[in-house]
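A.B. asks: Structure in C-alpha cells, see below.
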Amino acid sequence: MTQQDGKSTTLGVAVIAHGEDEIRVVPRRMVGRWIGAAVVSIAAAWVIYQLVTNPAYDWGTVWHYFLDGTVLQGLWMTLLLTALTMVAGALLGVLLAIMRLSGNPVMTVASTTFIWFFRGTPALVQLIFWFNLATLFPQISLGIPFGGPAFWSASTNALVTPFIAAMLGLGLNEGAYMAEIVRGGILSVDRGQDDAVRALGLRPWQGMRRIVLPQAMRSIIPATGNQTIGMLKYTSLASIVALHELLYSVQTIYNVTFQTIPLLIVASVWYLILTTVLSLAQVKVEQHFSRGERGSASDTRGRWGRLIHAVVTRGSVRHA
Amino acid sequence: MHENSRHASFLEARDLRKSFGSLEVLKGVSLEVARGEVACLLGPSGSGKSTLLRCINHLEVLDSGRITLDSELIGYEKHGEVLREISVRQLCQQRSMIGMVFQNFNLFPHMNVVENIIEAPRLVKGVSRQDSVDRAHELLAMVGLAEKADNYPRQLSGGQQQRVAIARALAMEPKLMLFDEPTSALDPELVGEVLTVMRMLAEQGMTMIVVTHEMAFAREVADTVVFMDDGLVVERGGPDEVLGSPRHERTRSFLARTVRR
Ligand SMILES: Nc1ncnc2c1ncn2[C@@H]1O[C@H](COP(=O)(O)OP(=O)(O)OP(=O)(O)O)[C@@H](O)[C@H]1O
Ligand SMILES: [Mg+2]
C-alpha cells in the first residue's frame with residue numbers, strides 16, 4: 001500500500017490520505033547514499049581547491065589566449081572539418097548501406113570489404129597513411145590505367161594537403177561507421193513497407209528514397225548526432241599532419257611559450273563548449289523526429305531534460 | 001501458337017511451384033479467374049495462400065509454372081523457347097496493374113492519407129498532382145472516409161486504415177485486386193466496414209482474389225471458393241458446393257474447425 005504512489009519516494013517524507021486512516025510514510029534509510037555523497041563532496045572540494053590554488057594552471061594565460069586569433073582560426077577549421085567529414089561520411093554511408101543491402105553480390109562484397117577495412121584500422125593510422133601517399137604514388141594521373149596515356153597529372157605531395165589527408169582519413173572512416181548506422185536504420189523499417197512499395201509498382205530506388213529512408217531517419221538521426229560529437233573531437237587527430245585545427249593551434253602557441261597546460265585548457269574548454277552545444281541541438285532534433293510518435297507525447301522534455309529534472313528535484317535517478 | 005487467345009481466363013496460373021529452402025510451399029497450384037470474378041481462397045495456416053498471392057504479382061519469384069493476366073505473362077517474356085525475366089521497369093509496370101491489400105495495412109506512416117494514395121499514381125504513372133489529389137478524394141468518398149484526408153495513419157482505427165489501403169490500391173486503376181486476410185488484424189466490430197467496401201467493389205465488377213476466414217463473406221460475395229491445403233488446391237467450386245457440401249475430407253474437417261471457432 002505504501003508503494004502505491006511512486007512520487008512519495010522522491011519527496012522524502014509524504015503523507016497519504018487513505019480513506020479514514022492517515023498513514024505516515026517513512027522512506028528506507030539509505031546509508032550507502034549518504035556515504036557516497038560524502039565521498040563525492042570531498043573529492044569535488046579537493047578538485048576545486050587545487051584548481052584555484054595551483055599556480056601551474058595559470059588562469060590568466062588561459063583567458064589571455066581564449067579568444068586569440070590563432071585559436072579562433074583553429075576553432076573554425078575544427079568546425080569546418082567536422083561538418084565536411086560528417087557530410088561526406090553520411091553520403092558515403094548511405095551509398096555503402098544501399099550497396100550492401102542491394103542483393104547484388106558484387107556490390108555487397110565491395111561494400112562489406114570497404115567497411116571491414118576502414119572500421120578495422122585506426123583513423124589516426126589512415127590519416128598518416130593518406131598524408132604519406134606520395135611515397136606510394138609520387139604522381140596522380142587521370143587516364144587509361146595499366147600503362148595507357150594520361151590526360152592529366154599532378155604531384156601527389158601538392159595534391160594531398162593536410163586538409164585533404166584529414167578529409168580522406170576521417171571521412172572514409174566515418175563513411176564506414178555511418179554505413180552501419182544507415183543499414184541498421186533501413187533494417188529497422190517494417191518489411192511490410194517494402195511489400196507495399198513493390199506491390200504498388202514503385203521502382204526500388206523510388207521506394208528507398210520516398211518510403212524507406214524517411215522512416216529509417218528516426219533511428220539514423222540520433223546515432224548521427226553521437227557521431228558528430230565524436231567527430232568534433234576526432235578532428236584533433238589531424239594535428240599530427242600539421243592541419244591548423246584547434247589542438248594544433250594551441251600547440252603552435254605553447255611550442256613557443258611553453259605554457260602547455262594553460263593552452264590545453266583553452267582547447268579543452270572550447271571542445272566542451274562545442275560538444276555541449278551539439279548535445280543540446282541533438283536533444284532538439286530528436287524531439288522533432290519523435291514528435292507524434294506513440295508514447296512521447298506526454299513527456300516532451302527529452303532525455304537530458306528528464307535527467308536534469310530528475311537531478312534538480314532530488315528524485316532518484318534510478319529509473320531516469 | 002495462340003494458346004491464350006481462345007478460352008483463356010483473365011488470370012491464369014498454371015502449375016505453380018515455389019520452395020523456401022527445403023520447404024516446398026506451392027506444389028503445383030493451378031488457378032483460373034475470369035474477368036469480374038471474385039475468388040475466395042481458404043485453407044489452414046501455412047497452406048501457401050499468401051505465397052500464392054505474392055507469386056501472382058511477382059513479389060516472390062516462382063521456381064516453375066507461369067502466370068498470365070489478360071494474356072500478358074507476368075514477370076517473364078517469351079523468347080522462342082525460353083522465358084526471360086523482364087526488366088525492373090516492365091515488372092513495376094505489371095505490378096501497378098495488380099492491387100494488393102495486406103493483413104497489416106502497410107500504410108506509409110510518415111504520410112497523411114491523401115499522400116499515401118497519390119504517391120504511386122504520381123511516381124509510377126506520372127499523374128499530375130491536382131488530378132491525383134482529386135482522384136484520391138473521390139476514392140476516399142467511395143470508402144466512406146472523405147473527412148479523413150489530412151489524417152495520419154496512426155490517427156485512424158484499423159478498419160479505417162484498411163479502407164485507406166484499399167483506396168490506395170484502387171488509385172492505380174488495377175485490373176485485379178489481391179486481398180490477403182484483409183480483416184484478420186481487425187477488432188470484430190471493425191470487420192464489417194471493410195467487408196462492405198469489398199462487397200461494393202465486387203458489385204462494380206472488380207476481379208478479386210480474397211484470402212479470408214470470413215465464411216459469411218465468401219458465401220455471399222464469392223463466385224468461386226478455392227480450398228488449399230499443403231501447397232495444393234484441394235477443391236474448387238461455387239460457394240454452395242465447397243462450403244455447403246464439400247467433397248473432400250480435408251475441406252470438411254477444415255470447415256468444421258473454422259465454423260466452431
Ligand atoms: N519468405 C519466406 N521464407 C521462408 N519461409 C516462408 C516464407 N514465406 C512463407 N514461408 C513459409 O511457407 C509456408 C506457407 O506460408 P504462407 O504464408 O503462404 O501460408 P498461408 O497459407 O498464407 O498461412 P496463414 O494463414 O498463416 O497466413 C509457411 O510454412 C511459411 O512459414
Ligand atoms: Mg498468409
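A.B. asks: Based on this model, can you work out whether A:E180 counts as part of a helix (DSSP H, G or I), of a type in the set (D, E), away from chain B (no Cβ under 14 Å) and surrounded by 17 or more Cβ atoms within 10 Å (Cβ to Cβ)?
C.D. replies: no
A.B. asks: In addition: Go through the residues of region B:65-72 one by one and say whether even a single one is more than 17 Å from A:R210 (Cα to Cα) and crowded, with 20+ Cβ neighbours inside 10 Å.
C.D. replies: yes
A.B. asks: Can you tell me which residue in region B:146-158 is nearest to B:L107 (Cα to Cα), limited to those that are buried (at least 17 other Cβ atoms within 10 Å of the Cβ) and over 22 Å from the mean Cα position of the chain (by Cα)?
C.D. replies: B:Y152
A.B. asks: Any residue in region A:76-89 that is β-branched (V, I, T) and surrounded by fewer than 20 Cβ atoms within 10 Å (Cβ to Cβ)?
C.D. replies: For region A:76-89, residues β-branched (V, I, T) and surrounded by fewer than 20 Cβ atoms within 10 Å (Cβ to Cβ): present.
A.B. asks: Could you say whether any residue in region A:216-225 is among the β-branched types (V, I, T) and either more than 14 Å from every other protein chain (Cβ to nearest Cβ) or in a loop (DSSP other than H, G, I, E, B) (or both)?
C.D. replies: Checked against the condition, which is being among the β-branched types (V, I, T) and either more than 14 Å from every other protein chain (Cβ to nearest Cβ) or in a loop (DSSP other than H, G, I, E, B) (or both), region A:216-225 yields at least one hit.
A.B. asks: Taking B:I117 and the conditions (1) more than 10 Å from chain A (Cβ to nearest Cβ); (2) closer than 20 Å to A:V212 by Cα; (3) free of Cβ contacts under 8 Å to residues at least 24 places away in the same chain; (4) not hydroxyl-bearing (S, T, Y), which numbered condition does it fall short on, given that it satisfies the others?
C.D. replies: Condition not satisfied by B:I117: (3).
A.B. asks: Counting just the residues of region B:73-117 that are surrounded by fewer than 22 Cβ atoms within 10 Å (Cβ to Cβ) and within 16 Å of ligand 1 (Cβ to nearest atom), which one comes out farthest from A:D194 (Cα to Cα)?
C.D. replies: B:Q103
A.B. asks: Consider only pairs whose beta carbons are under 8 Å apart and that are at least six residues apart or on different chains; among these, list those whose first residue lies in region B:206-229 and is more than 14 Å from chain A (Cβ to nearest Cβ) and whose second residue is within 14 Å of ligand 2 (Cβ to nearest atom) and of a type in the set (K, R).
C.D. replies: Sorted first by the residue in region B:206-229, then by its partner, the pairs are B:V211/B:K49; B:M228/B:K49.
A.B. asks: In addition: Can you pull out every residue in region B:53-63 that is over 10 Å from B:D180 (Cα atoms) and either within 11 Å of ligand 1 (Cβ to nearest atom) or within 14 Å of chain A (Cβ to nearest Cβ) (or both)?
C.D. replies: Scanning region B:53-63 gives B:C55, B:I56, B:N57, B:H58, B:L59, B:E60, B:V61.
A.B. asks: Now, a different point. Between A:W63, A:W130, A:W116, A:W76, which is farther than 30 Å from A:E180 by Cα and out of contact with any Phe, Trp or Tyr (no Cβ under 6 Å at 6 or more places or on another chain)?
C.D. replies: Selected residue: A:W63, the only one of A:W63, A:W130, A:W116, A:W76 that is farther than 30 Å from A:E180 by Cα and out of contact with any Phe, Trp or Tyr (no Cβ under 6 Å at 6 or more places or on another chain).
A.B. asks: For region B:184-230, what are the residues that are more than 21 Å from B:V143 (Cα to Cα), within 16 Å of ligand 2 (Cβ to nearest atom) and surrounded by 17 or more Cβ atoms within 10 Å (Cβ to Cβ)?
C.D. replies: If the condition is that a residue be more than 21 Å from B:V143 (Cα to Cα), within 16 Å of ligand 2 (Cβ to nearest atom) and surrounded by 17 or more Cβ atoms within 10 Å (Cβ to Cβ), then B:V226, B:F227, B:M228, B:D229 are the ones that fit.
A.B. asks: Moving on. Considering only region B:20-56, how many residues are loosely packed, with under 14 Cβ neighbours inside 10 Å and either part of a strand (DSSP E or B) or within 16 Å of ligand 2 (Cβ to nearest atom) (or both)?
C.D. replies: 5
A.B. asks: Those residues that are under 13 Å from B:A165 (Cα atoms) and within 14 Å of chain A (Cβ to nearest Cβ), I need them from region B:140-153; list them, please.
C.D. replies: B:Y152, B:P153, listed by residue number.
A.B. asks: What are the pairs, 6+ residues apart or on separate chains, where a residue within region A:65-79 that is in the same structural domain as A:M167 (by TED's automatic domain parsing) and under 15 Å from A:V269 (Cβ atoms) has its Cβ under 6 Å from a residue that is in a loop (DSSP other than H, G, I, E, B) and of a type outside the set (A, V, I, L, M, F, W, C)?
C.D. replies: A:G74/A:H244; A:G74/A:E245; A:T78/A:E245
A.B. asks: Need the failing condition index for B:L31 against (1) closer than 25 Å to B:T251 by Cβ; (2) touching a Leu at 6+ places or on another chain (Cβ under 9 Å); (3) within 13 Å of ligand 1 (Cβ to nearest atom), just the number.
C.D. replies: (3)
A.B. asks: Quick one: B:G159 ticks every box in (1) more than 26 Å from B:M208 (Cβ to Cβ); (2) of a type outside the set (D, E); (3) more than 8 Å from chain A (Cβ to nearest Cβ) except a single one, so which number is it?
C.D. replies: So B:G159 meets the others, but not (1).
A.B. asks: With touching a Ser or Thr at 6+ places or on another chain (Cβ under 8 Å), among the polar types (S, T, N, Q) and crowded, with 21+ Cβ neighbours inside 10 Å as the only criterion, which of A:S249, A:S219 stands out?
C.D. replies: Unique residue meeting the criteria: A:S249.
The values are calculated or read from the model by the stated rules, or taken from the named source; none is laboratory data. It should be emphasised that the depicted structure is a prediction, and the values quoted were computed from it without experimental measurement. Cβ: placed from backbone, ideal geometry, glycine included. Neighbour counts: every protein chain shown.
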